[in-house]
Every structure is written in structure tokens, then in C-alpha cells.
Amino acid sequence: MNPFLKAQKIGFLGAGNMAQAMIKGLIEGGIPVRNIYASNRSQGKLQKLVEIYSIQGASSNEELIDACDIIVLAIKPQDLLSALEPVTRAFDSTKIVISVAAGIPMRQLEKYISGGRLARVMPNTPSLIGKGVIGYLLNDEKDNALESTVEDLFAPLGKVIKVSDEDQFEAVTVSCSSGTGFVFEMMMYWQDWIEERGFSPEEARQMTIETFVGASALAAQAREGIEDLQARVTSKKGVTAAGLQSMRELEIERALRISFEKAAMRNKEMGREIK
């Protein structure tokens, strides 16, 4: 962990699952618990977080912003701007502000955080177990110190990827965050088919999970591209080839691409709906 980061006070507006995953990762990475703060609308949820991790609880968002050098906005997108409105003047050029809220573009955040150094970050659900893909966008492309801070903060959660604009940020949101849900949908089909062949739900679940985990692990370790790996398990006129031919005739790729585009459209709609 970067020595600079260890000396910073890091505050979380919101105490949900992503905040908890980040707090856990920071502590395991060597950030002192005395330097980690959180605030939350529900005091019961905040108190539970304080008890589990021995971090500092702030009685209000204002108190947290005043106390901290780095503020992570971990509030639900529909609640974020109303939470920021009363505290917008608390942000200045000494503050680093990181938003993990989906659907709220940089230009909108800048209206509420005019003085701070700002980053948008999109972790996906596997970040909760340190296997995530985390995309991030800076409001100042040349702010190398901010870039290092974001990289170090999110490294415990998985693979951190810098993007250059809102279009690429949306691509990470759809392919990796929403994409996790798309993969779960396919896993459900796998499991159902296996159960129909007489396996118990638990056996079908394990067979499905291990197939996806094994294929991913093989792709991660192999030097070949995914297309080459597929060719290695596909014999001409064999069982795999027959299944793949059917998938292509049914235009599975087209269906998935449409799903990606629908998700991207909804991401844009959310940005327009959140005022």
C-alpha cells in the first residue's frame, strides 16, 4: 500500500456492500482503522460497520467531509445528488472525491463538487471477493497523483482499468458490472438443463459453477486468445461443433449485443432521470 495513502483519512458517504468491501480491502492493505471514517443515513447500519471493523463513525456527512482527505461517494445514485446538495461548499482543492454511483456523469458531479479533485469509479459485484473489474475516469486526465490514489484504493478489489471518456466508462459498466448479471443468466440456463437430466439442484449448481470457473481460469493462464482455446476443444463434426453451430444459427451473438446496447441505453436514461 502506498505510504501516502496510509497517511490519508478516508471517508465513505454510505455504508452499503461496496463501501464494506472497500473498507475490508483497505484494512487488509494496511490502512489504519483510525484513518477510515463512514457516515450513513441509517445509524443502525453505520453502527454495525463501526463494530465490525473498528472504524470511525461520523454523525453527519458534513462532519465526515471536514475530517477526511479522500471521500468515497457510496450512496445509491437516486439519493446521491440530494445528499450532496447541502454539503457542496465543503469540497475544495484539497479533497479527493470518488463516486461509485452508476448513471451520474462527470459533468453532473462537477456541479456539486466544483472544488474537489474528482474520479468516477465503477466496481462490479465480484469486487466483493477481490475478483472484480474496476473501471475509473478522472476529471483531470493529467492528475497523476489522483490516478495513483485511485489505483491503490481499488487494487485490493480486483483488476483496475483507467478509461479515457464517458463512452468507455459506460462500456465497463455494461460489460463488467451488468455483464456479471448476464453471465449469471446463462449459468441459470446451464443449471436448469443439467437438472432436467436427473442431477440434483446442488450437483447441477456445482457442475455449472466449475465449468465457468474452469473456462475462465484456463483463459486467464493460456497464451492463446479465447477463439484459439475454443478451437482446441472443438473437433470437426464433433459434439462441441454441433452445439456451436446451433448457437451461431440462433444468432446468440446478436442477442447478446442487443442486450448490451439495451443496458447502455438504460444507463444513459438513468443519467437523464437523476436530477
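In this structure, is Leu81 out of contact with any Ser or Thr (no Cβ under 9 Å at 6 or more places or on another chain), part of a helix (DSSP H, G or I) and in contact (Cβ under 8 Å) with a residue 40 or more places away in the chain? Against the criterion (out of contact with any Ser or Thr (no Cβ under 9 Å at 6 or more places or on another chain), part of a helix (DSSP H, G or I) and in contact (Cβ under 8 Å) with a residue 40 or more places away in the chain), Leu81 qualifies. Among the criteria (1) exposed (fewer than 12 other Cβ atoms within 10 Å of the Cβ); (2) in contact (Cβ under 8 Å) with a residue 12 or more places away in the chain, the one Phe260 does not fulfil is (1). Residues that are assigned to a strand (DSSP E or B), out of contact with any helix residue (DSSP H, G or I) (no Cβ under 6 Å at 6 or more places or on another chain) and basic (Lys, Arg) do occur in region 152-165, at least one of them. Can you confirm whether region 61-76 contains a residue that is of a type in the set (D, E, K, R) and touching a residue at least 60 places away in the same chain (Cβ under 8 Å)? Yes, region 61-76 contains a residue that is of a type in the set (D, E, K, R) and touching a residue at least 60 places away in the same chain (Cβ under 8 Å).
Conditions tested, residue by residue: (1) in contact (Cβ under 8 Å) with a residue 12 or more places away in the chain; (2) assigned by TED's automatic domain parsing to the domain that holds Thr94.
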position	(1), (2)
Leu137	yes, yes
Ser148	yes, yes
Leu153	yes, yes
Lys159	yes, yes
Phe182	yes, no
Tyr189	no, no
Glu196	no, no
Glu203	no, no
Gln206	no, no
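Put simply, of Glu261, Glu203 the only residue that is part of a helix (DSSP H, G or I), within 21 Å of Ser178 (Cα to Cα) and acidic (Asp, Glu) is Glu261.
Listed here are the residues, each with its yes/no results for (1) in the same structural domain as Ile129 (by TED's automatic domain parsing); (2) over 23 Å from the mean Cα position of the chain (by Cα); (3) surrounded by 14 or more Cβ atoms within 10 Å (Cβ to Cβ); (4) modelled with pLDDT of 90 or more.
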site	(1), (2), (3), (4)
Ala7	yes, yes, no, no
Met18	yes, no, yes, no
Ala38	yes, no, yes, yes
Ile55	yes, no, yes, yes
Ser60	yes, yes, no, yes
Asp69	yes, no, yes, yes
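In region 174-181, the condition of being surrounded by fewer than 16 Cβ atoms within 10 Å (Cβ to Cβ) and farther than 16 Å from Pro126 by Cα is met by no residue. Residues of region 76-103 that are buried (at least 18 other Cβ atoms within 10 Å of the Cβ), under 15 Å from Met18 (Cβ atoms) and not hydrophobic (A, V, I, L, M, F, W, C): Ser99, Gly103.
Ile36 falls short of the stated requirement of being in contact with a Cys (Cβ under 7 Å, 6 or more places away or on another chain) and of a type outside the set (Asp, Glu). The sole residue among Leu46, Leu137 that is surrounded by 19 or more Cβ atoms within 10 Å (Cβ to Cβ), modelled with pLDDT of 90 or more and over 27 Å from Phe169 (Cβ atoms) is Leu46.
Go over the candidates Met122, Met187 one by one and state the one that is more than 18 Å from Ile96 (Cβ to Cβ) and either crowded, with 19+ Cβ neighbours inside 10 Å or modelled with pLDDT of 95 or more (or both).
Met187
Annotation note: of Ile23, Ile71, Ile31, Ile104, the sole residue that is assigned to a strand (DSSP E or B) and within 20 Å of Val150 (Cβ to Cβ) is Ile71.
The values are calculated or read from the model by the stated rules, or taken from the named source; none is laboratory data. Quick caveat, the model's predicted, so the values are computed rather than measured. Backbone-built Cβ (ideal geometry, glycine too); neighbour counts: all protein chains shown.
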